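> Mind having a look at this structure? Questions to follow.
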Amino acid sequence: MGAWGRSRLWMRCLFQRCQVAGIAHVPALARPALERWDVRPLAAVLTLALTAEQARRAQGKVGCASTQRISLGQVTEFEEASMREVKMEGGGAVLVHRHQGEFFVTSPACAHYGAPLRKGISSAGGRGGPPTVTCPLHDATFDLRTGQVVRGPSVDGIAVYKSEVKNGVLYADIPPELVAGTGKHPKAHELALMFTRVSKCCESTVVA
C-alpha cells in the first residue's frame with residue numbers, strides 16, 4: 001500500500017473513532033480533505049479532539065492508578081541499540097528498548113492490529129527525531145518517550161511505562177494486573193488518564 005492509500009486508511013480509522021466518541025460533525029467537515037495528498041495536519045487536529053472528548057468522559061471515573069515496581073533484569077542483559085521482550089512473573093510481558101544508554105519500557109503489541117513489535121524496528125531516532133519503534137505489519141511508528149503515533153495508520157498510541165536504573169538493575173512501574181497476566185496494556189491516552197500526572201508514565205532514566 002502506497003503513502004496515499006495509507007493516508008486514506010488512517011483517516012477512515014480516525015473518522016470511525018470520532019463517530020464512536022460522538023463527534024459526529026467533525027468527520028462530515030473533514031471528508032473533503034481526503035481529496036488532498038497531505039492530510040496529516042487535519043488528522044492531528046481530529047486526534048486532539050478525540051483525545052479531549054475521551055478525557056472529558058473519563059473524568060470522575062478513573063482515579064490515580066496503582067503500579068507495582070518490578071525488576072526487568074540486569075542492565076548488562078540488554079544490548080545497546082536493541083529491544084527485548086521480557087516476561088513477568090504472572091505471564092504478562094513488556095518490551096524493553098535501549099538506545100544510547102537510555103531505557104524505554106513499552107507495550108509489546110502494536111496499537112493498530114496487535115502485531116508483536118519485537119518483530120519490527122526499534123530506532124534511536126536522529127536528526128532531532130525521537131527514538132521510535134515501528135510495527136512490522138503496517139509500518140505504524142510510535143515515539144518511545146510518549147507512546148504517541150509518529151506516522152502510519154494507527155490512531156492510538158502504545159503504553160510507555162516509567163523506568164529507572166538502580167545499582168545496575170532496570171526497574172519499571174507496571175499496573176499489577178499486567179504483572180499478573182490478567183489485564184491488557186492500555187493505549188497511550190488511556191494510560192495517561194490513569195495517572196494524575198502524565199509525565200509519570202513517560203519518564204525514562206539514563207544509565208549513570
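The values are calculated or read from the model by the stated rules, or taken from the named source; none is laboratory data. All values reported here derive from a predicted model rather than from experimental measurement. Please note: Cβ atoms are built from the backbone with ideal geometry, for glycine as well, and neighbour counts cover all protein chains shown.
> Hey, among the residues in region 160-208 that are of a type in the set (G, A, S), more than 15 Å from V94 (Cα to Cα) and touching a helix residue (DSSP H, G or I) at 6+ places or on another chain (Cβ under 9 Å), which one's modelled with the lowest pLDDT?
Across region 160-208, the extreme among qualifying residues is A192.
> Follow-up. Within the bounds of region 63-72, is there any residue that is surrounded by fewer than 17 Cβ atoms within 10 Å (Cβ to Cβ), in contact with a His (Cβ under 8 Å, 6 or more places away or on another chain) and within 30 Å of G168 (Cβ to Cβ)?
no
> If you scan region 117-152, which residues turn out to be closer than 20 Å to R84 by Cα and in a strand (DSSP E or B)?
Listed by number, the residues that qualify are I121, S122, S123, T132, V133, T134, T141, F142, D143.
> Can you tell me which residue in region 98-115 is modelled with the lowest pLDDT, limited to those that are hydrophobic (A, V, I, L, M, F, W, C) and not in a strand (DSSP E or B)?
Across region 98-115, the extreme among qualifying residues is A111.
> Another one. Cβ contacts < 6 Å: first residue charged (D, E, K, R), restricted to region 82-109; second residue assigned to a strand (DSSP E or B), any location; separation 6+ or different chain. Result?
From region 82-109, the pairs are R84/V96; E85/A93; E85/L95; K87/A93; E102/V206.
> For region 120-136, name all the residues that are surrounded by fewer than 16 Cβ atoms within 10 Å (Cβ to Cβ) and either of a type in the set (F, W, Y) or closer than 17 Å to P108 by Cβ (or both).
Matches in region 120-136: I121, P136.
> Would you point out which residue out of D139, D173 is crowded, with 19+ Cβ neighbours inside 10 Å and either within 20 Å of V75 (Cβ to Cβ) or in contact (Cβ under 8 Å) with a residue 40 or more places away in the chain (or both)?
D173
> Out of S154, S82, S122, report the one residue that is assigned by TED's automatic domain parsing to the domain that holds H185, closer than 20 Å to K187 by Cα and at pLDDT 95 or above.
S122
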